[in-house]
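Bear in mind that the values in this text are calculations on the coordinates, not laboratory data. In this text the structure is predicted, and so the values were computed from the model without any measurement. All Cβ positions, glycine included, derive from the backbone under ideal geometry; neighbour counts span all protein chains shown.
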Amino acid sequence: MKVKLYATFRELVGKKEIEVSGIRTVGELIEYLARNYSPEIRKQLLETERVGENKPIDGMILVNGHNVLHLKGLETELREDDEVHIFPPAGGG
């Protein structure tokens, strides 16, 4: 599947797009990126103070244009032909 990365995630990975296979869920994808590129990706998406029961991901992950928070969150299933866009949490206030 194609994974497109934005802002700081693009810097952490060193690429704006990567191809991955064998990943079954969004949660597995985050773990794959943390393990193979930078643990900072996991920290920014899953370990901030804004993450909780009603918001399992800080930032935005789109699968084929659909926000995973409106699907099954970290359990959103992925297929080989999916396109995933990953945005880090927005700063400011």
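What to note about this one:
- Couplings for region 26-34, taken from phi via the Karplus curve 6.51 cos²θ - 1.76 cosθ + 1.60 with θ = phi - 60°, read 4, x, 5, 5, 4, 5, 4, 5, 5 Hz in order; Gly and Pro are left as x.
- Packing, taken as the mean count of other beta carbons within 10 Å per residue, orders the peptides 23-34, 41-52 from highest to lowest as 23-34, 41-52.
- GLU80/ALA7 FRET efficiency (R0 30 Å; Cβ-Cβ; nearest 0.05): 0.70
- Proximal lysines to LYS43, defined as alpha-carbon separation beneath 16 angstrom and excluding residues fewer than eight positions away on the same chain: LYS55
- DSSP beta bridges confined to the chain are antiparallel in about 75 percent of cases.
- Cross-link partners of LYS4 among lysines (Cα-Cα below 18 Å; sequence separation of 8 or more within a chain): LYS15, LYS16
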